[in-house]
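J.: Dropping a structure here in structure tokens format, bear with me for questions.
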Amino acid sequence: MRPLADLDPRPVDTLLFDIDETLTTHGKLTAEAYAALERLQRAGKRVVPVTGRPAGWCDHIARMWPVDAVVGENGAFYFWFADGRLRKRFIDDAATRAAKRARLEAIAGAILREVSGAALAADQAYRETDLAIDFCEDVPPLPLSAAARIAELMREAGLTAKVSSVHVNGWFGTYDKLATARLLFAERFGADLDAVNRKLVFVGDSPNDAPMFAFFDNAVGVANVRRFPGLEPKFVTAAESGAGFAELAAHLLKIT
């Protein structure tokens with residue numbers, strides 16, 4: 001991973017970013033990080049969170065935050081706010097989502113019986129499409145080996161599984177953060193991600209960001225990405241979490 005100073009900010013007009021421990025710090029959205037986000041949008045940059053967090057959170061984010069859209073539940077949908085209304089684009093229709101949720105409940109019970117100390121994520125009630133198992137947010141932190149075991153059990157049950165900085169998420173389907181970011185840019189912004197790759201930066205910190213790290217030429221990890229061996233964004237900030245996000249924002253804005 002190269003230092004952030006090596007990233008050329010001149011062509012960049014868009015920042016896509018993870019939320020947990022990328023924008024936030026120990027679960028809190030700091031004034032420093034939020035102000036950096038607002039400065040980016042005011043400077044004319046397109047800003048899009050791409051997160052594993054639930055539909056209920058993304059409703060709030062799309063309405064209230066200085067963002068152009070939000071991709072949520074690891075690619076299950078994107079939301080945006082326009083003309084005074086929240087707009088929603090799901091990968092699956094409502095009936096399909098309901099049927100999948102019923103199947104996820106049984107899988108959750110089996111996982112919690114198998115992995116001692118894990119719990120259903122506190123935000124599960126606000127999810128439309130996936131199962132989130134908490135291994136370190138509201139439970140005493142479990143080792144990464146426990147998160148890996150949860151992911152293994154999800155895959156054995158037929159789910160796609162990804163580990164974030166706080167949860168293991170599982171869902172029925174082949175979409176991910178990158179696939180739905182592609183869809184968002186094609187449908188909302190009239191852009192092909194392959195064609196505009198050099199104009200975008202993605203910043204994240206955890207394994208569910210791996211497809212984004214692999215695809216984007218300007219993929220950045222906040223410093224705590226080193227917690228997960230094997231993740232290889234092209235660039236890395238000096239600071240962790242929200243301070244690293246603010247560091248990146250300042251780097252992108254220093255020429256504007």
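The values are calculated or read from the model by the stated rules, or taken from the named source; none is laboratory data. This is a predicted model, so every value here is computed, not measured. Virtual Cβ from ideal backbone geometry, glycine too; neighbours counted across all protein chains shown.
J.: Take the conditions modelled with pLDDT of 95 or more, in a loop (DSSP other than H, G, I, E, B) and surrounded by 17 or more Cβ atoms within 10 Å (Cβ to Cβ) and apply them to Asp138. Does it pass? So that I can check it myself, show each step before the final result.
T.: On the way: modelled with pLDDT of 95 or more: yes; in a loop (DSSP other than H, G, I, E, B): yes; surrounded by 17 or more Cβ atoms within 10 Å (Cβ to Cβ): no.
When the stated conditions are applied, Asp138 does not pass them.
J.: Something else now. For the range 179-207, what are the residues that are aromatic (Phe, Trp, Tyr) and over 18 Å from the mean Cα position of the chain (by Cα)? Explain how you work it out, then say what you get.
T.: So in the range 179-207, the residues aromatic (Phe, Trp, Tyr) come out as 185, 189, 202.
Hit for the range 179-207 is Phe189, nothing else.
J.: Go through the range 148-256 and tell me which strands (runs of 3 or more DSSP E), entirely inside it, have 1 or more residues that are modelled with pLDDT of 95 or more and surrounded by fewer than 20 Cβ atoms within 10 Å (Cβ to Cβ).
T.: Numbers: elements: 160-163, 167-171, 200-204, 219-221.
Answer list for the range 148-256: 160-163.
J.: Still on this structure: Under 7 Å between Cβ atoms, which residue pairs at least 6 apart in sequence (or on different chains) link something in the range 230-255 that is assigned by TED's automatic domain parsing to the domain that holds Arg42 and without any contact (Cβ under 8 Å) to a residue 24 or more places away in the chain with a partner that is in a helix (DSSP H, G or I) and aliphatic (A, V, I, L, M)?
T.: Matching pairs, first to second residue: Ala239/Ala223.
J.: Name the pairs: first residue in the range 179-202 and over 16 Å from Phe90 (Cβ atoms) and free of Cβ contacts under 8 Å to residues at least 24 places away in the same chain, second residue assigned to a helix (DSSP H, G or I) and of a type in the set (Lys, Arg), Cβ to Cβ under 7 Å, at least 6 apart or on different chains?
T.: Partner pairs satisfying both residue conditions: Leu193/Arg182.
J.: Which numbered condition trips up Ile107, out of (1) assigned to a helix (DSSP H, G or I); (2) over 13 Å from the mean Cα position of the chain (by Cα); (3) assigned by TED's automatic domain parsing to the domain that holds Leu200; (4) not basic (Lys, Arg)?
T.: It fails just one condition, (3).
J.: From the list Trp80, Trp65, Trp57, pick out the single residue that is touching a helix residue (DSSP H, G or I) at 6+ places or on another chain (Cβ under 8 Å), surrounded by 15 or more Cβ atoms within 10 Å (Cβ to Cβ) and either small (Gly, Ala, Ser) or closer than 30 Å to Leu142 by Cα (or both). So that I can check it myself, show each step before the final result.
T.: On the way: Trp80 fails: either small (Gly, Ala, Ser) or closer than 30 Å to Leu142 by Cα (or both); Trp65 fails: either small (Gly, Ala, Ser) or closer than 30 Å to Leu142 by Cα (or both).
Of the residues listed, the single one that is touching a helix residue (DSSP H, G or I) at 6+ places or on another chain (Cβ under 8 Å), surrounded by 15 or more Cβ atoms within 10 Å (Cβ to Cβ) and either small (Gly, Ala, Ser) or closer than 30 Å to Leu142 by Cα (or both) is Trp57.
J.: Let me ask another. I'm trying to understand the selection: among the residues of the range 84-104, which are in a loop (DSSP other than H, G, I, E, B) and either among the β-branched types (Val, Ile, Thr) or farther than 20 Å from Ala55 by Cα (or both)? If you could, list the steps in order and put the result at the bottom.
T.: Initial filter on the range 84-104 (in a loop (DSSP other than H, G, I, E, B)): 84, 91-93.
Ile91, the sole residue that qualifies.
J.: May I pose another question? For the range 72-95, how many residues are without any contact (Cβ under 8 Å) to a residue 40 or more places away in the chain, under 15 Å from Asp130 (Cβ atoms) and either aromatic (Phe, Trp, Tyr) or not assigned by TED's automatic domain parsing to the domain that holds Ala55 (or both)? Lay out the reasoning, then the answer.
T.: At the first step, the residues of the range 72-95 found to be without any contact (Cβ under 8 Å) to a residue 40 or more places away in the chain are 72, 79, 81-88, 90, 93-95.
Pick out the ones that are also under 15 Å from Asp130 (Cβ atoms) and you get 72, 90.
Going one step further and asking which of them are either aromatic (Phe, Trp, Tyr) or not assigned by TED's automatic domain parsing to the domain that holds Ala55 (or both), we end up with 90.
The number of residues fulfilling the criteria is 1.
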